[in-house]
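Okay, so here's the structure we're looking at.
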Amino acid sequence: MTLRNYIIIVALGSIFTVRAQEEPAAPVFRPPFDFPLTLSGNFGELRSNHFHGGVDFKTQGEVGKPIHCIADGYVSRVLVTPGGYGQAIFITHPNGYTSVYGHVLKFASAVAKVVEEYQYRHETFAVDLKFEPHQVSFKAGEIIALSGNEGYSFGPHLHMEIRCTDTGELIDPLQFYTDKIKDTTPPRASMIMLYPQRGAGVTWLWAQEPSCCASRCWPKAVSPQLCCLCPTLQSISPHGARWYASTTAKN
């Protein structure tokens, strides 16, 4: 090997070493269930008044399926509400992420004991409890709850979110399960929503719906494909707006 080739090899090795140090390996999360994962709701779906912040996993049409902790961590928060998540458990992981499991039927006994003691002591059903770090911990694969249909839910399923622990930013959980879920259907754009960034503003819906062309909408027709723009608020801010697109995968 010539000196020139040796120097080139050493230089390339140094570049790859630095890049590996700058880009840590992606965290590994196991599935929350032991049966194959199938979806009933995607991340970022446009709902009636918000974008869906997690994914909905089907539970074979039943409640009571064991939910497994997707990575080592500790319980950081528990919610019990008549609507919304219904019952939800938050697990903070040492890799910088927090996983959230909503609409659960029942918590693991160690968690349920703390929740029930608080409910009886304060004579309240609704609970928003913050746990001390490592007050209740779980290893990856341990059962943290049973799936349910609690709160604002229209059928048995698990709503799961992954958040950045420091910022609370929502992360698409599917990026960690690309080898577990088959997705061969391309998305089809169906609606765009405009959100003002700051100050007074207006949210517009641009929909491919003939029924949108009612007298309350303006204009009544923009093109044969795009029917109209419908304001949902009254005040208008012409500056500082941001566009978001919602796509839904359909066959």
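Numbers below:
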item	result
Flag for Val104 being buried (at least 17 other Cβ atoms within 10 Å of the Cβ), of a type outside the set (Gly, Ala, Ser) and in a helix (DSSP H, G or I)	no
So Phe154, is it over 24 Å from Phe29 (Cα atoms), outside any strand (DSSP E or B) and in contact (Cβ under 8 Å) with a residue 40 or more places away in the chain	no
Verdict on Glu132 being surrounded by 18 or more Cβ atoms within 10 Å (Cβ to Cβ), out of contact with any Pro (no Cβ under 7 Å at 6 or more places or on another chain) and outside any strand (DSSP E or B)	no
Output for region 157-200, where each listed residue is modelled with pLDDT under 70, part of a loop (DSSP other than H, G, I, E, B) and touching a Gly at 6+ places or on another chain (Cβ under 8 Å)	Gln197, Arg198, Gly199
Filter pass, Val104 being over 22 Å from His52 (Cα atoms) and out of contact with any His (no Cβ under 8 Å at 6 or more places or on another chain)	no
Cβ pairs under 9 Å, 6+ apart, first in region 157-173 and under 15 Å from Gly41 (Cα atoms), second among the charged types (D, E, K, R) and in a loop (DSSP other than H, G, I, E, B)	Leu158/Lys65; Ile162/Asp172
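The values are calculated or read from the model by the stated rules, or taken from the named source; none is laboratory data. These numbers come from a predicted model, not from an experiment. Glycine also receives a Cβ, built like all others from the backbone with ideal geometry; neighbour counts cover every protein chain displayed.
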